[in-house]
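For reference, the structure is listed below as structure tokens.
Laboratory data are not the source of any read-out in this text; all were calculated from the coordinates shown. Predicted, not measured: the structure shown is a model, and the values here were computed from it. Neighbour counts are summed over all protein chains in view; Cβ atoms, including those assigned to glycine, are modelled from backbone coordinates with ideal geometry.
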Amino acid sequence: MEGSPGKIRLSTLPDDIVFRIMSFLTMRQAVRMCVLSRRWRNLWRTVPCINADISEFKRRDTEHYDQETELAFKMFMERLNELRDPAPLIHTFRFRCILDLNEEINHILDSEVINGWISHAVQKQPLSGYCPAV
């Protein structure tokens, strides 16, 4: 690897190693990780493991989900589906969205929206419950 002797530059890591690292992250974390290297800028678009969790979008000052949380998560998931490269298969799709439907707020997320995301993932043929060793 390039750089000083005995040091490894993150930007020189092979894509398969970066994908392996990303497989342990949520999608939001994987997208954020891509700013660490120019070469990684678009790698999140082909990562084989999608792990999405609404709790990452919750405001820190509350324990509950609100419309702002739901809207941020919905926008993220729709953008993810829109910008993700169409060719790569999804090895794993983990999705976590907990809503208290007893609350008196108008929910932005409904079963039709959520089913659309799941259908999109299924069309990409998830292969297993865990990301394989790359």
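Observations on the structure shown:
- Local charge for Asp85 was computed over the other residues whose Cβ lies under 15 Å away, with Lys and Arg +1 and Asp and Glu -1, and equals +3.
- Sparse-neighbour loop sites [GluC sites (Glu not before Pro); the range 48-100; at most 11 other C-beta within 10 Å; DSSP]: Glu63
- Viscosity 0.692 mPa s, 37 °C: Kirkwood-radius Stokes-Einstein D of the range 10-123 over Cα pairs, µm²/s: 216
- Look at the Cα gyration tensor of the range 11-50: its axes a ≥ b ≥ c give a/c of at least 1.5 with a/b at or below b/c, and that counts as oblate.
- One chain, two ends: Leu83 and Asp15. Fully extended at 0.36 nm per residue, the span grows by 22.6 nm beyond their Cα-Cα distance.
- DSSP-assigned coil residues among trypsin sites (Lys or Arg not before Pro) in the range 12-67, each with at most 16 further Cβ atoms within 10 Å: Arg41, Arg59, Arg60
- Amide H contacts for Asn51 (H built 1.01 Å from N in the peptide plane; partners 5 or more residues away or on another chain; cut-off under 5 Å): Met27, Arg94.
- Take the Cα of Arg94, step 7 Å toward its Cβ, do the same at Arg41, and the gap between the two points is 3.0 nm.
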